[in-house]
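Undergrad: Pasting a structure here, questions to come.
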Amino acid sequence: MVRPKSVSSSVSSFIRSCLKHHPSSSRSFSASVGLKNTYRDNNSGIQKKYLPAHSLLMRSEAGHSVWLSEDHKLDRSFLQTLCNNSSDDEIEKALVAFDEMQFSRVHKQSVFLCNRLLGVLVRRGRCEDGFLVYFKMVSSGISPSLVTLNILLNCFCKAHQIESAFAVLGGMLKTGFSPSTITFNSLIDSLLKSGRLGEALGMLASMCSEGCDPDVVTYTCLIDGACKMGRLGDARSLLREMAVRDIVADLVTYTTVIDGLCKEGLVDEAYELYKEISIKGFCPNVVTFTILIHRLCIAGQWQEAKELFHKMLDSGIKPNVVTFSALVHGFSEHGMIEEAIQFVRLLLKMGESPNGYTFAPIIGNLAKKGRMDEAMQFISHLLKRGVSLNFITYGILICGLFETGRVDEAVALYSYMLSEGYQPDVFIYNCLIDGFCKAGLLEQANALLHEMNVEGIKPNVVTYSMIIDSLCKEGFLDRAVEVYEEMNEKGIFPDTITFNILINRFCIEDRWEEAKDMLNNMWNRGIRPDVVTCTSIIDGYCKKGRVNDAVDFLSFMFEVGELPNVYMCNIIMDGLSKGGRVNEAFQLVTYLLKSGTCLNIATYSILISGLCKSNRVDEAESIYNYMLSIGHEPDVVIYNSLIDGLCKVGKVNDAKVLVNEMVLRGTSIDIVTCNVFIDALCKEGLLDEAWMVYEEMLGKGLCPNVVTFNIFIHSFCSHRRHEKAKALIGEMLVQGIKPNTATFNGLVGGLHKSVSIDHTIDYLHAVAEMDNVCVS
């Protein structure tokens with residue numbers, strides 16, 4: 001059935017032309033409710049349209065028009081029996097019957113039949129057909145009733161032509177019709193869908209002043225609009241106003257408010273409202289329960305969610321897939337996988353069919369925890385129950401199998417997916433490519449990229465970024481650059497992640513000019529470097545000892561308005577401190593404090609370490625005390641730095657106090673702490689006390705390393721306790737600790753003072769042979 005296009009514009013023009021000589025009727029009303037008159041009168045009237053040829057009207061052989069007999073006409077009962085449940089085919093037949101009646105001498109269209117057809121079309125969202133029916137109806141001389149105009153007004157509202165809807169309202173007033181509550185409700189709903197809450201509230205005030213009483217639909221519509229815009233104060237006021245007007249709020253009204261409160265995070269208030277309406281005798285429906293259960297799960301109020309679910313069952317309300325999905329998602333996302341699985345089993349027991357969205361979080365969380373056997377068993381159970389998997393589920397399973405090193409099983413699952421008739425999309429290909437890349441199987445990943453191109457599936461930026469990242473990690477930076485250029489040639493433009501991967505690798509491989517070029521490419525594409533980009537460059541410079549370049553880049557960041565965070569500053573401060581430039585490091589601290597950034601434990605650790613290495617131990621202690629005063633707990637690295645610094649300046653007793661403090665605070669003492677303290681005691685000549693610390697260390701399960709033995713060997717040799725030193729060499733070898741250059745230097749320095757050089761060399765050769773070390 002051929003229909004003219006843009007029928008709504010013709011009807012709009014027709015209505016507005018009717019109002020051309022009576023502008024006050026519609027515009028004065030629009031002004032009274034605060035609406036802007038954005039529409040313009042159309043002086044051209046109804047635009048002429050070609051009407052479709054009709055089967056009733058045919059030409060005789062003589063060229064004259066003749067009417068077909070009644071036997072050939074479609075039954076007008078299609079119009080009389082038309083309802084909201086009619087099929088699309090029945091509606092099409094009704095439209096044909098409507099057209100035939102327009103030309104019939106026996107059966108004429110009536111306003112009742114026109115309204116029936118128009119109403120069904122509008123409710124089914126077929127606004128263009130509705131406009132066409134109205135256009136033909138008026139053209140046939142049928143005067144529209146109030147019902148007709150209400151339907152037409154609603155049709156314009158559904159077509160998002162609010163100004164034309166107000167023109168219809170003006171037409172009602174001009175022709176003497178009194179707009180009904182239904183009229184105003186349509187307009188208010190349309191205004192709210194356009195986000196014009198203020199005008200909708202103005203419309204409420206105007207309809208009351210015109211003597212048209214709002215009903216529960218009016219207020220529910222307004223409350224819904226206020227809630228969706230986050231204006232809960234207005235929603236509460238409207239609810240109170242309903243009570244004042246003796247308009248009883250229904251379940252839909254209360255559910256709307258509950259939903260609005262939940263979306264604003266006011267779950268407790270929503271829950272209290274639910275209890276209140278239950279006391280009033282309202283029985284919440286599945287929508288009400290599902291909204292509350294969903295939000296309670298998000299808020300982590302598991303017990304309340306479960307209680308509400310059981311109340312739902314006790315009330316005889318059957319939960320639907322959406323209800324179960326809310327529970328499954330809530331419980332599984334917070335690690336309560338067993339409970340989530342129980343809900344899926346109950347869902348199946350109740351005869352509902354879960355979709356992929358329902359159980360995907362269970363699979364995802366099992367996969368994240370490496371529990372792939374359980375995930376596969378769960379899927380097997382679902383498949384036996386006739387549940388179909390979707391792309392998301394297959395993707396999660398494939399990724400999980402790759403993550404746990406089960407490459408063959410991942411490929412087998414992919415093959416099974418193909419056998420089930422699923423054609424992979426870019427998401428599935430990305431899962432496979434990511435898996436192969438992480439498994440180091442670059443050849444297979446590249447083969448899949450080629451397969452995508454052959455199958456006509458366009459790779460996206462994620463696809464290319466994964467391959468580029470894998471190539472970079474495997475050391476094939478030049479090949480990664482080629483892939484980068486390839487994606488650009490194909491019109492797939494890199495994002496921040498792609499650039500960060502390449503820039504980071506250029507920095508690691510000391511290819512700074514290329515790193516700068518890639519950074520310029522980012523700027524030229526309008527992509528601002530993020531914290532990852534800047535951190536990669538600063539970290540790369542500092543690791544190569546180019547601290548000045550890192551400081552220059554920091555200045556560049558300030559120039560372009562990209563302010564560094566504490567992590568970037570820590571990297572530079574560490575580089576400055578290690579280079580003895582502690583004062584410059586403190587300048588960055590000043591910047592961080594002035595910008596309102598809180599220093600973290602790493603910042604304090606860097607500063608204390610730098611000060612101690614510069615023998616500025618008193619300042620380091622001041623920083624340490626300040627850190628404690630603001631609630632930071634020192635870690636083992638800070639303690640080690642301070643203990644080392646105190647020992648080096650001869651404050652061994654203060655170092656002992658810190659060791660005791662570590663024990664009291666529950667900070668684990670590591671081998672570095674012990675070595676520092678043992679070294680300090682040995683340098684003070686307190687070898688026996690140092691040996692007691694060593695034995696205590698062994699008793700606590702700490703294993704000595706080569707540094708521990710070297711300290712003792714050097715100290716025992718220096719104090720002419722050669723036999724003890726030799727015994728330690730044997731103990732080193734028994735524990736599988738290989739002597740190093742410092743070990744031999746300590747032995748040489750100690751032994752040659754008391755025995756002959758030849759004897760010393762013979763002993764060293766014997767030790768070397770025991771450990772297969774060559775001594776020349």
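Undergrad: Restricting attention to region 264-275, which residues are open to solvent by 80 Å² or more (accessible area, probe 1.4 Å) and assigned to a loop (DSSP other than H, G, I, E, B)?
TA: 264
Undergrad: Using beta carbons and a limit of 6 Å, which pairs, at least six apart or on different chains, have the first residue in region 559-583 and over 12 Å from residue 531 (Cβ atoms) and part of a helix (DSSP H, G or I) and the second one of a type in the set (S, T, N, Q) and open to solvent by less than 10 Å² (accessible area, probe 1.4 Å)?
TA: From region 559-583, the pairs are 570/603.
Undergrad: Condition first: under 32 Å from the mean Cα position of the chain (by Cα) and of a type in the set (S, T, N, Q). Can you find one or more residues in region 572-587 that meet it?
TA: no
Undergrad: Taking residue 420, is it among the acidic types (Asp, Glu) and closer than 22 Å to residue 355 by Cα?
TA: Details: among the acidic types (Asp, Glu): yes; closer than 22 Å to residue 355 by Cα: yes.
Yes; evaluated as a whole, the condition is true for this residue.
Undergrad: Pairs, please: C-beta under 6 Å, at least 6 apart or cross-chain, first residue farther than 20 Å from residue 702 by Cβ and in region 723-747, second open to solvent by 40 Å² or more (accessible area, probe 1.4 Å) and not in a loop (DSSP other than H, G, I, E, B)?
TA: 746/714
Undergrad: Of the residues in region 498-522, how many are under 28 Å from the mean Cα position of the chain (by Cα) and not in a helix (DSSP H, G or I)?
TA: 0
Undergrad: Is there a residue being among the aromatic types (Phe, Trp, Tyr), surrounded by fewer than 16 Cβ atoms within 10 Å (Cβ to Cβ) and either touching a residue at least 24 places away in the same chain (Cβ under 8 Å) or assigned to a helix (DSSP H, G or I) (or both) anywhere in region 460-473?
TA: Restricting attention to region 460-473, the residues satisfying the condition of being among the aromatic types (Phe, Trp, Tyr) are 464.
With surrounded by fewer than 16 Cβ atoms within 10 Å (Cβ to Cβ) added as a condition, the list becomes none.
No: zero hits.
Undergrad: Of these, 591, 626, which one is open to solvent by less than 70 Å² (accessible area, probe 1.4 Å), farther than 30 Å from residue 488 by Cβ and among the aromatic types (Phe, Trp, Tyr)? Step through it out loud before you land on a result.
TA: On the way: 626 fails: open to solvent by less than 70 Å² (accessible area, probe 1.4 Å).
Of the residues listed, the single one that is open to solvent by less than 70 Å² (accessible area, probe 1.4 Å), farther than 30 Å from residue 488 by Cβ and among the aromatic types (Phe, Trp, Tyr) is 591.
Undergrad: Filter region 327-377 for residues that are under 24 Å from residue 284 (Cβ atoms), aliphatic (A, V, I, L, M) and either open to solvent by 10 Å² or more (accessible area, probe 1.4 Å) or over 26 Å from the mean Cα position of the chain (by Cα) (or both) and give the result.
TA: Across region 327-377, the qualifying residues are 346, 347, 350.
Undergrad: Another question about this same structure. Of all residues being of a type in the set (S, T, N, Q) and open to solvent by 10 Å² or more (accessible area, probe 1.4 Å) in region 145-161, which is nearest to the chain's Cα centre (by Cα)? Just the residue, please. Can you show your working first?
TA: Let us first name the residues in region 145-161 that are of a type in the set (S, T, N, Q), namely 145, 148, 150, 154, 161.
With open to solvent by 10 Å² or more (accessible area, probe 1.4 Å) added as a condition, the list becomes 145, 150, 154, 161.
Working: 145: 52, 150: 43, 154: 38, 161: 35 Å.
Across region 145-161, the extreme among qualifying residues is 161.
Undergrad: Can you find, within region 361-385, the residue that is nearest to residue 407 (Cα to Cα) among those that are of a type in the set (Lys, Arg) and assigned to a helix (DSSP H, G or I)?
TA: Initial filter on region 361-385 (of a type in the set (Lys, Arg)): 368-369, 371, 384-385.
If we keep only those that are assigned to a helix (DSSP H, G or I) as well, we get 368, 384.
Numbers: 368: 16, 384: 25 Å.
Checking each candidate, the answer is 368.
Undergrad: Please state which of the following conditions residue 609 fails to meet, knowing it meets all the rest: (1) open to solvent by less than 50 Å² (accessible area, probe 1.4 Å); (2) in a loop (DSSP other than H, G, I, E, B).
TA: Answer for residue 609: the failing condition is (2).
Undergrad: Let me ask something else. Only one of these conditions is not met by residue 597: (1) among the β-branched types (Val, Ile, Thr); (2) more than 30 Å from residue 491 (Cβ to Cβ); (3) part of a helix (DSSP H, G or I). Which number is it?
TA: Failing condition for residue 597: (3).
Undergrad: Residues that are of a type outside the set (D, E, K, R), under 24 Å from residue 252 (Cβ atoms) and within 35 Å of the chain's Cα centre (by Cα): find the helices (runs of 4 or more DSSP H) completely inside region 162-222 holding 2 or more of those. Steps first, answer last, please.
TA: On the way: elements: 162-174, 181-193, 197-209.
Ranges flagged: 181-193, 197-209.
Undergrad: Looking for whichever is at pLDDT below 75, open to solvent by 10 Å² or more (accessible area, probe 1.4 Å) and touching a Cys at 6+ places or on another chain (Cβ under 6 Å) here; the options are 127, 83. Which one fits? Write out each step before concluding.
TA: Working: 83 fails: touching a Cys at 6+ places or on another chain (Cβ under 6 Å).
It is 127.
Undergrad: A further question follows. From 482, 409, 420, which residue is more than 23 Å from residue 373 (Cβ to Cβ), charged (D, E, K, R) and open to solvent by 50 Å² or more (accessible area, probe 1.4 Å)? Break it down into steps so the answer makes sense when it comes.
TA: Working: 409 fails: more than 23 Å from residue 373 (Cβ to Cβ); 420 fails: more than 23 Å from residue 373 (Cβ to Cβ).
The match here is 482.
Undergrad: Tell me the residue from 130, 170, 176 that is free of Cβ contacts under 8 Å to residues at least 12 places away in the same chain and either closer than 24 Å to residue 216 by Cα or not basic (Lys, Arg) (or both), please.
TA: Working: 130 fails: free of Cβ contacts under 8 Å to residues at least 12 places away in the same chain; 170 fails: free of Cβ contacts under 8 Å to residues at least 12 places away in the same chain.
Among 130, 170, 176, only 176 is free of Cβ contacts under 8 Å to residues at least 12 places away in the same chain and either closer than 24 Å to residue 216 by Cα or not basic (Lys, Arg) (or both).
Undergrad: Could you list, in sequence order, the residues of region 444-459 that are hydrophobic (A, V, I, L, M, F, W, C), part of a helix (DSSP H, G or I) and open to solvent by 30 Å² or more (accessible area, probe 1.4 Å)? Show your work before the answer.
TA: Taking region 444-459 and keeping what is hydrophobic (A, V, I, L, M, F, W, C), we get 445, 447-449, 452, 454, 457.
With part of a helix (DSSP H, G or I) added as a condition, the list becomes 445, 447-449, 452, 454.
Scanning region 444-459 gives 447, 454.
The values are calculated or read from the model by the stated rules, or taken from the named source; none is laboratory data. Being a predicted model, the structure only gives us computed values, none of them experimental. In this analysis, Cβ positions are derived from the backbone assuming ideal geometry, glycine residues included, and neighbour counts consider all displayed protein chains. What goes into the accessible areas is simple: the full protein's heavy atoms, side chains included, and nothing from ligands, DNA or RNA. Shrake-Rupley method; radii C 1.70, N 1.55, O 1.52, S 1.80 Å.
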